[in-house]
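Single-structure report; data block below.
The values are calculated or read from the model by the stated rules, or taken from the named source; none is laboratory data. The shown structure was predicted, so the numbers you read here are calculated from the model rather than taken from an experiment. Neighbour counts are summed over all protein chains in view; Cβ atoms, including those assigned to glycine, are modelled from backbone coordinates with ideal geometry. Quick note on the areas: whole protein, heavy atoms, side chains included, nothing else; ligands and nucleic acids left out. Shrake-Rupley method; radii C 1.70, N 1.55, O 1.52, S 1.80 Å.
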Amino acid sequence: MRERTLLGGFILLCLLLLAGCRAGNIAKFEVDDFSKAQKIVIHDAAGREKAVLTGEADLDRFVEVMDVEGWRLAELPEDLTQAGSFTLWQEETAKLFQGEKEAEMWEICTFQCYEDGDYLTVDTGLANLNITFAIPQSAAEYLQSLLD
């Protein structure tokens, strides 16, 4: 049970990083110099890139509609068909004395969604650590609309 709680917390952390780090401490930087190049890359079931969400409004909407508080750990039914994936990326945190070096993007996690159900599998990038959730129908419909 403790492992499930920790895994759920990790998933929440991924989404909070996506939502919260954009606020940052902008007062120390010029707005143009401190652009957060966070993005969500959307792929169809065949792995072809369909779209990239990078705008602050799009990212905020994604986080809001996902309604993480409504997620529940679940077993993935065997008869589901994969619809596509959403890979969450974030710019590395600017470090003191980093200079003019370009910050690199790093992958936070990937959401796999399915056509025939309100399920989502989160691939954390760690070996054998994929977590499946039953998600609210509104979140599943939103993800499907991004894939269409």
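The set of residues from region 110-146 being part of a loop (DSSP other than H, G, I, E, B), open to solvent by less than 30 Å² (accessible area, probe 1.4 Å) and under 21 Å from Leu53 (Cβ atoms) comprises Thr124, Ile135, Pro136.
When Gly47, Gly9 are screened for being at pLDDT 90 or above and open to solvent by 30 Å² or more (accessible area, probe 1.4 Å), only Gly47 passes. Within the set of pairs 6 or more residues apart or between chains, which connect a residue that is assigned to a loop (DSSP other than H, G, I, E, B) inside region 81-93 to a residue that is of a type outside the set (Gly, Ala, Ser) with Cβ atoms less than 7 Å apart? Going by the 7 Å Cβ cut-off, the qualifying pairs are Thr81/Tyr114; Thr81/Glu115; Thr81/Asp116; Glu92/Glu104; Glu92/Trp106. Number of residues in region 108-142 that are farther than 20 Å from Ala46 by Cα and in contact with a Ser or Thr (Cβ under 6 Å, 6 or more places away or on another chain) equals 1.
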